[in-house]
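Visitor: Dropping a structure here in structure tokens format, bear with me for questions.
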2 protein chains.
Amino acid sequence: MPRFDAAGLVTAVAVDHRTGELLMLAHMDAEAIAKTRETGFAHFHSRSRGRLWMKGESSGHTLKVIEIRVDCDQDALELRVEAAGPACHTLARTCFYRRVDDNGELVRIVD
Amino acid sequence: MPRFDAAGLVTAVAVDHRTGELLMLAHMDAEAIAKTRETGFAHFHSRSRGRLWMKGESSGHTLKVIEIRVDCDQDALELRVEAAGPACHTLARTCFYRRVDDNGELVRIVD
């Protein structure tokens with residue numbers, strides 16, 4: 001466990017452990033999972049930079065991992081976290097701060 | 001919008017629009033997004049079967065899409081949905097029904 005894809009990754013979804021709010025989506029490899037379990041802070045694998053990173057390593061906006069859940073087919077993880085600040089690099093509380101309206105336009109709905 | 005990966009897919013996360021609970025994760029291509037917006041019910045692209053499918057097409061456990069949100073870099077979608085039954089094919093309310101304990105064992109926590 002888990003079932004990694006051909007690139008050795010699983011999708012990880014970070015969720016606020018108190019409110020349940022969806023915060024961000026990223027990818028983890030075996031190293032990122034091991035580091036997360038070892039330190040208690042969310043680590044991911046950056047596909048663009050090809051390296052391990054800790055969420056908040058430069059911003060300080062870390063995600064303390066309270067619980068890790070796994071889905072039915074074990075190819076996705078839910079990280080139940082306590083966020084030390086905005087989860088999004090844009091400084092929004094969540095990366096999912098815009099909705100798609102009926103015309104396909106993006107409308108900001110979260111500060 | 002959105003930014004599809006090399007396989008023409010984006011990751012989509014379905015969330016209960018009332019409780020915010022994370023329900024399931026799947027993939028959408030342009031066709032699945034178009035069908036979802038046209039019908040109001042979540043459609044995905046099955047990577048294993050290589051075809052469009054509507055969630056609930058055989059089980060009846062459809063997901064009515066109340067809102068679609070997009071993340072900061074536009075490569076992930078949040079579907080805010082009303083579920084007609086259990087979201088998981090195992091008949092659990094959510095696919096994320098197990099947590100990983102300190103020994104790496106999976107423990108069921110959701111009925």
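Visitor: Jot down the radius of gyration and Dmax of chain A, Cα atoms only, both in angstrom.
Guide: 14.3, 46
Visitor: What are the radius of gyration and Dmax of the protein assembly as shown, computed over its Cα atoms and given in Å?
Guide: For the protein assembly as shown, the Cα radius of gyration and maximum Cα-Cα distance read 16.4, 49 Å.
Visitor: Just to confirm the numbers: B:Met1, label point 7 angstrom along the Cα-Cβ line, distances to the other copies in nm, shortest first?
Guide: 3.7
Visitor: Same structure, new question: Please identify the trypsin sites (Lys or Arg not before Pro) of region B:47-111 that satisfy two criteria: DSSP loop assignment and at most 10 other Cβ atoms within 10 Å. Which are they?
Guide: Within region B:47-111, the qualifying trypsin sites (Lys or Arg not before Pro) (loop, at most 10 other Cβ atoms within 10 Å) are B:Arg49.
Visitor: Right, here's the next one. Using the Cβ atoms and a cut-off under 9 Å, what net charge is assigned to the surroundings of A:Leu63, where Lys and Arg are +1 and Asp and Glu are -1? Before the final figure, lay out each step's value.
Guide: Working: positive: A:Lys55, A:Lys64; negative: A:Glu82.
Every neighbour counted, the sum reads +1.
Visitor: List the residues whose amide H sits under 5 Å from the amide H of B:His27, counting only those 5 or more places along or on another chain, with H placed 1.01 Å from N in the peptide plane.
Guide: The list, which skips near neighbours in sequence, is B:Ala12, B:His45.
Visitor: Taking the Cβ of A:Gly8 as the centre, find all other residues whose Cβ is under 10 Å away and add up their charges (Lys, Arg: +1; Asp, Glu: -1).
Guide: Summing Lys and Arg as +1 and Asp and Glu as -1 gives -3.
Visitor: Could you tell me the number of lysine pairs in the protein assembly as shown with C-alpha atoms less than 22 Å from each other, where the two lysines are 8 or more residues apart or belong to different chains? Provide the component values of the computation, followed by the final result.
Guide: Details: A:Lys35/A:Lys55; A:Lys35/A:Lys64; A:Lys55/A:Lys64; B:Lys35/B:Lys55; B:Lys35/B:Lys64; B:Lys55/B:Lys64.
Close lysine pairs under the 22 Å cut-off: 6.
Visitor: Oh, and also: If we count every other residue with Cβ under 14 angstrom of A:Ala42's Cβ, Lys/Arg +1 and Asp/Glu -1, where does the sum land? Mind dumping the intermediate values first?
Guide: Details: positive: A:Lys35, A:Arg37, A:Lys55, A:Lys64, A:Arg69, A:Arg80; negative: A:Asp16, A:Asp29, A:Glu31, A:Glu38, A:Glu57, A:Glu67, A:Glu78, A:Glu82.
That sum, taken over residues with Cβ under 14 Å, equals -2.
Visitor: Using a 10 Å cut-off on Cβ to Cβ distances, tally the other chain neighbours for every residue of B:25-38 and report the average as a whole number.
Guide: Details: counts 10, 1, 1, 0, 0, 0, 0, 0, 2, 0, 0, 0, 3, 0.
So the per-residue partner count for this stretch is 1.
Coordinate-derived values only; no laboratory data. Being a predicted model, the structure only gives us computed values, none of them experimental. Here Cβ is always computed from backbone atoms with ideal geometry, including for glycine, and neighbour counts include all displayed protein chains.
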